[in-house]
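Each remark here refers to the structure printed beneath this line.
The values are calculated or read from the model by the stated rules, or taken from the named source; none is laboratory data. Everything numeric here is computed off the predicted structure, so don't read it as measured data. Neighbour counts run over all protein chains shown; Cβ positions are idealised from the backbone, glycine included. Side chains included, ligands, DNA and RNA excluded: accessible areas come from the protein's heavy atoms. Shrake-Rupley method; radii C 1.70, N 1.55, O 1.52, S 1.80 Å.
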Amino acid sequence: MELDQFADMLEPSKNIQHSFVDPTRGDWLRLPTQTRRFSKKNTFSLADTELSINGGNTWDKYDDVLSEENYKMGSLFNNLNEAVAFCEIIYNSEGTPIDFVFREVNHQYKLISGCNREELLGKTAKEHFRRKRIAHLDKYSRVAQTGIPEEFDTYFKDLGSYYNVQVFSPRKGEFAAVLRDISKRVDVVNRLRDSEKLNKTISDLVPVGIVYFDPFGEVQFTNKAFINTLEAGEIDKELKAFKILNKFQSSKLKSDNPGFIDQILSGEEIYYYDVEIESFSGNTKHINVFGAPRRGIGNEITGGVLVCQDVTKFKVLHHKFLHAQRMEAFSELARGVVHDLNNLLTVIIVNSQLELASLNSDDPLQESLKQIDMAASSSIDLTGQLLEFSRKKNANPEVLEINSALNKMELLLRRIIGEDIDMLLMPDRELASVLIDSCQLEQIIFNLAVNARDAMPDGGKLKIKTRNIRLDENYATLHPDVKPGYYALIEVSDTGHGMPPEAIAQAFEPFFTTKETGKGTGIGLSTVYGIIEQCNGHVLIDSKEDQGTTFKIYIPAVDQKSKEKRKVSKTNEILNGNESILLVEDEEHIRETIKNILMSQGYRVYTASSGEDALEVSGNLDKPVDLLITDLVMPGIGGKLLGRKMHKRWKDMHILYMSGSSSRACENEEMNYDSIPYLEKPFGIKKLTKTIRSIFDSKA
């Protein structure tokens, strides 16, 4: 049968709009994908449906196929998990979109909107949502006009959920919106974001550096501590772009295997201590590094994590601790030497003075004894220097003006350094006053001047400059022994041969010297260090070989200048006496020497060789003695304990302590050395007798 005949057989209501004649296919007709009935009320979508037109029931078969396809499409449309709405844009007279009307919705859309299909169809969005302004109308109208699909995520307040919206246009002026509920996904994302914020906050509070890197060594995450460790500041972009792999691979490890990043990426966990690395600021940092690989779901390596502990400050403190240990060991040695030496000097000085007093003025032994006395007295300076080195010498700090002290020392300094060295004083006229022993200040300057002189054997320039300076918290962080505050700074600079780094590191070591044998004791700078530390100061060396050396002495400034001068006690010129004295000294030669002096002055003297012996001697006396003279450092019962025991027995008895070490060596909270008389060895006859006489006369 020809297709034209088939067309004639169709009723007008069933006639199709287009005919498709294909004589080569015999009596079969393949309808196109989209065929519109003549009534134009409905559109059906068929996929290459083949119909047989043999027989009289041809149209019934065609109608059955259409019904089946409609059923399938409708079932699919209404059973989608996504809500779908077909809408048509409404324009005003100017062609501007102002609203849209619902043309069709599926079952899921009815569920989320809470309205029946009949209630929605034909309604405008403004009527349905009861709003003057329709959200995302611009997107819908753009898709309806251009036909280009769009997708976005949004929160529909009317529907009470987050949705992913996909918009496409079936024909111009219309659009279809597919809404997928993503509330759970948004909730998960928000929870994940909150968790990341919490983890970031926690990681930034952790005092160790944390860094994640990818398989190529590129930084993915760092916390604040890590940025501070590398001294990267706020250059986050530079840090992100910088390959940590290269940074750590080039570090100076104390290990034969420098590629520990490679170790992590190969699946190993690493533990390296004291990794030396250069920061962004160019400073050397010491870091303890712990690392492990990061793995994915399939156990594949996706990068690594490093935990970095900055131990630079601990290294500095450890070095200072070791230095302090060595200093303390040598200090103990120095105190022992000083104690014995002072005892010997006391005997020499006192006996030489006794002999001098007994000789006639024209006696030839006079000159020899004077030389002995002068040599012994000069040795007191050596013992004093040793005590300064051991930081145990009694200091009498007072408020001083450094500039005035330098002016007084200038002439002597020029004589010490010689004529071939040009000395320049550069004082700051507004320099703050400091609290320091005047003799100690002089010793600091003289020691540094002598060092400068020895560093310039062919002449040069010595510059002594003073100025005020404030050391802030950042400086104190780098130098743990420094307290932030205001300081008076003394800079002593020379143009000598300078010092290599290894010499600078050992400069304050006891007995360390770069001078030739016999030309240096090695305790000059140690003494300077001890004095500065004793007055809570700070000392630095800035030196390079062949470029000279600068010593920077920081001494804490005082708020007010003291105008009071230390009062000097007036002593009675009459040195003789008839009071009773109990002398306690464990060294026999010293005990006998002092006994002879006191008896020659008219005093009644009882002696004891120890604290226990003194208690026994005093127990056998009929009446109390007027004065107890006791050495502080003795085996068994020491001088302090003996003084307390004797004072309980005889309330009115005076006490005079003496020692060859230092009163500070025996200092505690129970002894006030400003009020208790103390005599430091070595001493001469005049000092001994004046001290004793002043005790008796002050109590009279």
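Numbers below:
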read-out: Where a residue in segment 531-546 is within 30 Å of Gly459 (Cβ to Cβ) and open to solvent by less than 50 Å² (accessible area, probe 1.4 Å) and its partner, wherever it lies, is of a type in the set (S, T, N, Q) and at pLDDT 85 or above, with Cβ under 9 Å and at least six apart; value: Ile541/Thr549; Ile541/Thr550; Ser543/Thr549; Ser543/Thr550
read-out: Segment 429-453, residues that are part of a helix (DSSP H, G or I) and either open to solvent by 10 Å² or more (accessible area, probe 1.4 Å) or farther than 13 Å from Val492 by Cβ (or both); value: Ser438, Cys439, Gln440, Glu442, Gln443, Phe446, Asn447, Val450, Asn451, Arg453
read-out: Among (1) over 12 Å from Ala455 (Cβ atoms); (2) modelled with pLDDT of 85 or more; (3) open to solvent by less than 60 Å² (accessible area, probe 1.4 Å); (4) not basic (Lys, Arg), the one test that Asp494 misses; value: (1)
read-out: Residues (modelled with pLDDT of 85 or more and either polar (S, T, N, Q) or closer than 17 Å to Thr550 by Cα (or both)) located in segment 427-445; value: Pro427, Ser433, Ile444, Ile445
read-out: Residue list for segment 461-477, filter: touching a helix residue (DSSP H, G or I) at 6+ places or on another chain (Cβ under 8 Å) and either open to solvent by 30 Å² or more (accessible area, probe 1.4 Å) or without any contact (Cβ under 8 Å) to a residue 40 or more places away in the chain (or both); value: Thr477
read-out: Failed item in (1) closer than 26 Å to Asn92 by Cα; (2) touching a helix residue (DSSP H, G or I) at 6+ places or on another chain (Cβ under 6 Å); (3) assigned to a loop (DSSP other than H, G, I, E, B), with Phe175 passing the rest; value: (3)
read-out: Long-range neighbours under 7 Å by Cβ, at least six apart or interchain, first residue assigned to a helix (DSSP H, G or I) within segment 638-655, second of a type in the set (Asp, Glu); value: Gly639/Asp631
read-out: Every residue from segment 454-483 that is of a type in the set (Ser, Thr, Tyr) and either at pLDDT 90 or above or part of a strand (DSSP E or B) (or both); value: Thr466
read-out: Unique match (being crowded, with 21+ Cβ neighbours inside 10 Å, of a type outside the set (S, T, N, Q) and assigned to a strand (DSSP E or B)) among Ile594, Ile590, Ile629; value: Ile629
read-out: Residue, nearest to the chain's Cα centre (by Cα), within segment 137-160, restricted to residues that are under 16 Å from Val84 (Cβ atoms) and of a type outside the set (Phe, Trp, Tyr); value: Glu151
read-out: Residue match in segment 78-92 (condition: in a helix (DSSP H, G or I), aromatic (Phe, Trp, Tyr) and modelled with pLDDT of 50 or more); value: no
read-out: All positions within segment 321-336 that are open to solvent by 70 Å² or more (accessible area, probe 1.4 Å) and either in contact with a His (Cβ under 7 Å, 6 or more places away or on another chain) or not aromatic (Phe, Trp, Tyr) (or both); value: Gln325, Arg326, Glu328, Glu332, Leu333
read-out: Filter result for Asp652 (acidic (Asp, Glu) and either under 17 Å from Gly611 (Cβ atoms) or modelled with pLDDT under 85 (or both)); value: no
read-out: Some residue of segment 658-681 being out of contact with any strand residue (DSSP E or B) (no Cβ under 9 Å at 6 or more places or on another chain), open to solvent by 30 Å² or more (accessible area, probe 1.4 Å), at pLDDT below 85 and hydroxyl-bearing (Ser, Thr, Tyr); value: yes
read-out: Criterion (part of a loop (DSSP other than H, G, I, E, B) and buried (at least 17 other Cβ atoms within 10 Å of the Cβ)) met by exactly one of Ile227, Ile134, Ile210; value: Ile134
read-out: Enumeration of residues in segment 626-652 that are among the hydrophobic types (A, V, I, L, M, F, W, C) and under 29 Å from Asp340 (Cα atoms); value: Leu627, Leu628, Ile629, Leu632, Val633, Met634, Ile637, Leu641, Leu642, Met646
read-out: Of residues in segment 189-207 being closer than 25 Å to Arg295 by Cβ and among the hydroxyl-bearing types (Ser, Thr, Tyr), the one surrounded by the most Cβ atoms within 10 Å (Cβ to Cβ); value: Ser203
read-out: Selection count, segment 273-327, where residues are among the charged types (D, E, K, R), touching a strand residue (DSSP E or B) at 6+ places or on another chain (Cβ under 6 Å) and assigned to a helix (DSSP H, G or I); value: 1
read-out: Per-region count, segment 254-296, residues farther than 15 Å from Ala225 by Cβ, open to solvent by 50 Å² or more (accessible area, probe 1.4 Å) and modelled with pLDDT of 85 or more; value: 5
read-out: Residues (closer than 30 Å to Pro682 by Cα and either modelled with pLDDT under 75 or among the charged types (D, E, K, R) (or both)) located in segment 297-328; value: Ala324, Arg326, Met327, Glu328
read-out: Count of residues meeting criterion [in contact with a helix residue (DSSP H, G or I) (Cβ under 9 Å, 6 or more places away or on another chain) and open to solvent by 50 Å² or more (accessible area, probe 1.4 Å)] in segment 179-188; value: 1
read-out: Where a residue in segment 134-157 is free of Cβ contacts under 8 Å to residues at least 40 places away in the same chain and farther than 24 Å from Asn92 by Cα and its partner, wherever it lies, is part of a strand (DSSP E or B) and among the β-branched types (Val, Ile, Thr), with Cβ under 8 Å and at least six apart; value: Glu151/Val165; Glu151/Val167; Phe152/Val165; Asp153/Val165; Thr154/Val165
